[in-house]
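The values are calculated or read from the model by the stated rules, or taken from the named source; none is laboratory data. What you see is a predicted model; the values in this text were computed from it and never measured. In this analysis, Cβ positions are derived from the backbone assuming ideal geometry, glycine residues included, and neighbour counts consider all displayed protein chains. Accessible surface is based on the protein model in full, side chains and every heavy atom, while ligands, DNA and RNA are left aside. Shrake-Rupley method; radii C 1.70, N 1.55, O 1.52, S 1.80 Å.
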Amino acid sequence: PPQLKEAVAKAEKIYFGEVRVAHDAVVADLSAGKSTSPQTKIWLQRVNPALDAVFAIGTVALDRAGVYARAEFSVAQRDFYAAVLLMVVFCLVAVMTSLYVVFGVVRPMSRITEVMRTVTEGDLSTDIPFENRSDEIGSLAHGLRVFRDNAVEKQRLRLEKDGAVAQSRAKS
């Protein structure tokens, strides 16, 4: 960012251009055993502004990072709410699908199974549910009706046969 470039340029100019040169001269004088030179005075006058310029780099960097973090947080927050909304929508779809499966498939299949059990146990007067449906459940109900009607017809034929046999015996 331009603000960070400006802070770096200022610190580079003050600290590394002016203060560092004076600092190196003071260190060289002290290493050589000389007394402090006029460079010491320059160094002491410029060291605090130079350090402020170096710290300004961190301050600007943190400020820019904060701006960036707030922008990213806003995007993340929006994405989070969108994800929550989608999750709620998909949960509602799952609940609706479950309700359809339970009430539209499982219960009718259970009811047809109960009727099939009663028909196989001999109760041929039971009504067949869900015959008017046009799906597989309606086909299954229709198959149960055919099974029941065949059982009724067999029972009728057996009764007629038993009646004919009884008449034949009565004649004999």
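Net charge in the neighbourhood of Leu86 (other residues with Cβ under 15 Å of its Cβ; Lys, Arg +1, Asp, Glu -1) is 0. Per residue, the stretch 69-172 exposes 78 Å² of solvent-accessible protein surface, assessed with a 1.4 angstrom probe and all protein chains in place.
Measuring nothing but how far apart in sequence close Cα pairs (under 8 Å, 6+ apart) lie, relative to its length, the stretch 99-172 scores a relative contact order of 21 percent. When peptides 47-60, 132-145 are sorted by average Cβ neighbour count within 10 Å, with the highest value leading, the order is 47-60, 132-145. Computing Cα Rg over 2.2 N^0.38 Å directly from the structure and comparing it against [x] 1.17; [y] 3.09; [z] 1.52 singles out [y]. Dipole check for the stretch 1-121: with +1 at the C-beta of Lys and Arg, -1 at the C-beta of Asp and Glu, and the Cα centre as origin, the magnitude is about 100 Debye. Surface composition of the stretch 1-159: carbon plus sulfur atoms hold 64% of the accessible area, using a 1.4 angstrom probe and ignoring ligands, DNA and RNA.
For the set Arg64, Arg148, solvent exposure ranked by accessible area (probe 1.4 Å, protein chains only) runs largest to smallest as Arg64, Arg148.
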